[in-house]
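Reviewing the structure listed below.
The values are calculated or read from the model by the stated rules, or taken from the named source; none is laboratory data. All of these numbers come straight from a predicted model, not from anything done at the bench. Positions of Cβ are generated from backbone atoms using ideal geometry, with glycine treated the same way; all protein chains shown enter the neighbour counts. The accessibility values were calculated without ligands, DNA or RNA, using every heavy atom of the protein model including side chains. Shrake-Rupley method; radii C 1.70, N 1.55, O 1.52, S 1.80 Å.
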Amino acid sequence: EFFGHEICADNEMIGYEELVAYWQALAASTGRLKMIRLGTTSEGQDQWMAVVSDPANLARLDQIRAGSRTLALARSLPTEDEARRHVRRLPATVWLDGGIHSTEALAHQQLAEAAFRLTTRETEENRRFLRDCLILLPHINPDGHRLVADWFNRRSVPAERSMAGLPRLYQKYAGHDNNRDWYQMNLLETRNVSRALYHDWFPQLLFNHHQTSPAGTIMYLPPFRDPYNTHIDPIIQTATEAMGAHLHQRLVAEGKAGTVMRDGAGFSAWWNGGLRTTAYFHNIIGILSETFGTPNPSQVPFRLDRQLPSTDLPMPAAAGPWRWRQSLEYVMSANDAMLDYASRNREKLLLTKWRAARNSIERGSRDSWTRYHGRLNEHGAEALSRPDFRDPRAFVVSARQTDFGTAQKFLEILRLGGVEVRRIEDGERKGDWVVFTDQAYRPHILDMFEPQDHPNKLRFPGGPPIPPYDTAGYTPALQMGVAFDRLLDRPDLKTSLWQTPISADASGVPGRRLAGPISQNDSHGLAFRALAQGLTATRTDQEIVIEGPADRLQSLVNQMPAGRFSWSEAGGGERLKLPKVALLDVYGGRQPIGWASWMLDHFGIPFEAVYPPQIDRGDLTSGGFDAILIVGGLIPARDGQGGTSGMANDPTIPFQLRRQMGAISVGRTVAELRRFAEAGGHVLAIGSSAARLAEHFELPVVTGPRGEDGRPLSTERHFVPGSLMRLNLNRTPLTAGLPDQIHAMVDESPSFKLSAGSAPGAAVGEWRAERLLSSGWALGEDAYKGSAAMVDLPVGSGRTVLYGPEAIFRGQQHAAFKLIFNALWRSAED
């Protein structure tokens, strides 16, 4: 009645505003639903969550939230008897989300159907769900839902509707990578949801809905394949497997075939960056679903390898026609299965979360040893007893950081993730921060500070590797270049709770000059912002100085509250000019382009997105640009690759969008990029784009790594899948303010060997550390040794800078950002 059609009817999709209006109608009419505003989205919308339960539970929400918090943090409930008494009147809190990947539209559409059924069904089972459970229905990405629904519904004839050709990323900056941000928290939506999870509601069960099942199946659900992350409490691992088995059992009992698990798909529980994966490090049982189907009628494909039942696929699905509404029924059954499990096992689930938290507190209070793959292989049983292999009791982060602002940003994402951060109030380390590990979220603390040690996963001994689901090594403290100490014994310190970054007020007497160390990323950000506002900036070997009226300088500092600045009487140094920056973009966007735009925006660097048709016309050279930034995956090996949307003549697409359509070609686009460099422009290229430009520009480098025969190495001999490696930096203009070594993100990244006669200083960063791998997994890492990771070469009157590693990587590589800032500053020099 409300929408004029069933949810998930063929070729129909409701929008975000419609969903919210429907929730409001249910809240007004049923007494079983209450709406909670989570925050504001990147595009300024309200982000809502519906809370569904029995009216008696909704009447005591504050009491339930407080009780769930006490249980989750567990510090004031030291014994099981106390915990059992505590949970007697506490419902299970169950999180059923939707919408994170907006083109996987089933996940946000089910939020309407779930709310409808839960608030209107008068069955004994549903009344039990409402009595025993507090059910959270959060929308994870409202902006993307609105974009995708508007795009899909732009055609008035339902049968002609399609999501094809979406013009931009469906979440600002991140697109699909919005599910890669859950430890880093760069996005507003990530922060809104994390506050709900780790500060406000503390669910015991989390269901993260997606819509891409393995070919020939209908729905993926846990148990997951190996490996499990070594920091996750085993009680959470086994509880997740039990929960997944219960979901499969209900679907099979209802005759819903095609559910798959374990090695039937690539999903694991190693990486900490996804919404459902970060949950494990916070003692939440996290379930992932991937469900087949699209808004348009489709076909389940016949796959011979999916026809026999197995432990991974107990009940194969038949090939044939499929409707979106059928997919919705699978999701509704899975939701009901989770609620049934939570209702029947309410006390057990609550105590499981408490037990995992108490385990963390107790392990952090005594000597303990994590079972690391590499350490066990190297040291055997000694790896579990050597005193120096103990887990830290505390991590101390120095306030005397070379990049103070970035250290505060790291501590802030810990705090947003529910971790208690404290400030030291006396002694030699007064002013430093300390993170004790005797906390409920100890697994998350360890994973944020300690290197990951991914097991070798090979298809057979000596065979090709089995790639991880996502990155194998990602340690945020290393990626951000944070200096810290690992304390194996608990220090006796006077501390206070740290809740917000240190005040933005600069030290000293306000004047016309404000200084920040050149080693601090925020000093560069302050300079970019100041120049964009018409102020003056200079740079020495030690600091960046901004000149202007004191009130305007203070206003700039207030925009960057994490940094450390001081009022200065000194002036002089090299005068900085604001570079005119282009960012190579393509129709529809790409995640790495989005993260590059995030970095540029985050540090106040004005830029213009340029598209292949503009470059092909010569606009780059004639437009007065100083530099163009090109992320990985854009430059093709040859013409005919890349392509376009194929929708350039679609009358429903605005002309301005159609002007963005066009392939990056070697014959035209790359030729224009070279002409831009030869005329004095600076080309900054990352990853595979760097390797391709080295070839197309005929630069004096050989890209690698390669074997003795000069051929690229097979994955059996060389495989580095998203891991951190120690990169040594040389003293060049591009490394100003950087240390001698950083931890660089390598994701099958190219390396470079300079030809004889290359210009002095061409090698900016080199792979020469004794042990290159610092976090993750690397096979044949020595193939990088003796080569450059980053080179800086003249091309005509301009420069081309090739970055092998992922120097931006999802907005996480703060330790490498100055390699880009310095190249941009140089591009604007006279």
Has region 14-21 got at least one residue that is open to solvent by 20 Å² or more (accessible area, probe 1.4 Å), under 23 Å from Asp143 (Cβ atoms) and either outside any helix (DSSP H, G or I) or in contact with a strand residue (DSSP E or B) (Cβ under 6 Å, 6 or more places away or on another chain) (or both)?
-> no
Count of region 108-132 residues which are open to solvent by less than 10 Å² (accessible area, probe 1.4 Å) and either under 23 Å from Val148 (Cα atoms) or touching a Gly at 6+ places or on another chain (Cβ under 6 Å) (or both) | 7
So which of Ser688, Ser622 ends up being closer than 23 Å to Met790 by Cβ and polar (S, T, N, Q)?
-> Ser688
Could you tell me which residue of region 220-245 is farthest from Asn359 (Cα to Cα), considering only residues that are without any contact (Cβ under 8 Å) to a residue 40 or more places away in the chain and open to solvent by 10 Å² or more (accessible area, probe 1.4 Å)?
-> Ala245
Go through region 340-372 and give me each residue that's over 26 Å from Leu96 (Cα atoms), more than 28 Å from the chain's Cα centre (by Cα) and of a type outside the set (Lys, Arg).
-> Glu362, Ser365, Asp367, Ser368, Trp369
Filtering region 673-699 down to residues that are part of a helix (DSSP H, G or I) and open to solvent by 30 Å² or more (accessible area, probe 1.4 Å), which residue is farthest from Val586 (Cα to Cα)?
-> Glu678
So Ser519, is it part of a loop (DSSP other than H, G, I, E, B) and of a type in the set (S, T, N, Q) | yes
Answer from Arg386, Arg393, Arg400 - the residue that is loosely packed, with under 14 Cβ neighbours inside 10 Å and touching a Gly at 6+ places or on another chain (Cβ under 9 Å) = Arg400
Yes or no: Ser496 of a type in the set (Ser, Thr, Tyr), surrounded by fewer than 18 Cβ atoms within 10 Å (Cβ to Cβ) and either in contact with a His (Cβ under 7 Å, 6 or more places away or on another chain) or under 23 Å from Gln401 (Cβ atoms) (or both)?
-> yes
Is it the case that region 150-166 has a residue that's touching a Phe, Trp or Tyr at 6+ places or on another chain (Cβ under 8 Å) and of a type in the set (Val, Ile, Thr)?
-> no
Over region 317-338, the set of residues farther than 16 Å from Asn296 by Cβ, among the small types (Gly, Ala, Ser) and crowded, with 22+ Cβ neighbours inside 10 Å is Ala317, Ala334, Ala337
Scanning region 438-475 for residues that are in a loop (DSSP other than H, G, I, E, B) and charged (D, E, K, R), the one surrounded by the fewest Cβ atoms within 10 Å (Cβ to Cβ) turns out to be Arg459
Cβ-Cβ below 7 Å, separation at least six or inter-chain, first residue in region 42-70 and part of a helix (DSSP H, G or I), second surrounded by fewer than 16 Cβ atoms within 10 Å (Cβ to Cβ) and among the polar types (S, T, N, Q): which pairs?
-> Thr70/Ser76
Would you check if there is a residue in region 592-605 being touching an Asp or Glu at 6+ places or on another chain (Cβ under 7 Å) and more than 30 Å from Ser162 (Cα to Cα)?
-> no
Might you let me know whether region 647-657 holds any residue that is in a loop (DSSP other than H, G, I, E, B), out of contact with any Gly (no Cβ under 9 Å at 6 or more places or on another chain) and open to solvent by less than 30 Å² (accessible area, probe 1.4 Å)?
-> no
What residue, among those in region 806-830 that are in a loop (DSSP other than H, G, I, E, B) and more than 14 Å from Trp595 (Cβ to Cβ), is least open to solvent (accessible area, probe 1.4 Å)?
-> Ala828
